[in-house]
């Protein structure tokens, strides 16, 4: 079965959602509220609506640089946990995992660039 067919199947989307939510719960203590997954030419995009972490919100006004450093560390930890789980579950090699979050809208995107 090709990567495209595997990733786009409903079962594969459910597995990817499960992995994402499990890691999110490990790090942040709760899952996501919405998730959309798409694949285009070996690039898997995961669009997610998150709840805001209250502790990070409280740091923004007076400790902006510290909050950015904590955000960076949390995103890095997520990627370190997520990459091997996805590679193992789907038998693919991720060349890179990119992740960003917009605190104003609570939307995040995680992009998996797969190797050919």
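Just so you know, all these numbers are worked out from the coordinates, no wet-lab data involved. Please read all numbers here as calculations on a predicted model, not as lab measurements. Methodologically, a virtual Cβ is constructed for each residue, glycine included, from the backbone with ideal geometry; neighbour enumeration extends over all protein chains shown.
Some observations on this one:
- Between the helical axis of 10-28 and the longest alpha-carbon principal axis of the chain there is an angle of about 30 degrees.
- Pair residue 9, residue 98: separation of 7 Å Cα→Cβ label points (nm): 2.9
- Rg then Dmax, both in Å and based on the Cα atoms of the chain: 14.8, 52.
- Annotation: for a label point projected 7 angstrom from Cα along Cα→Cβ of residue 27, residues of the stretch 55-71 with backbone N closer than 11 Å are 71.
- Here the contact order of the stretch 3-114, divided by its residue count and restricted to Cα pairs under 8 Å and six or more residues apart, works out to 28 percent.
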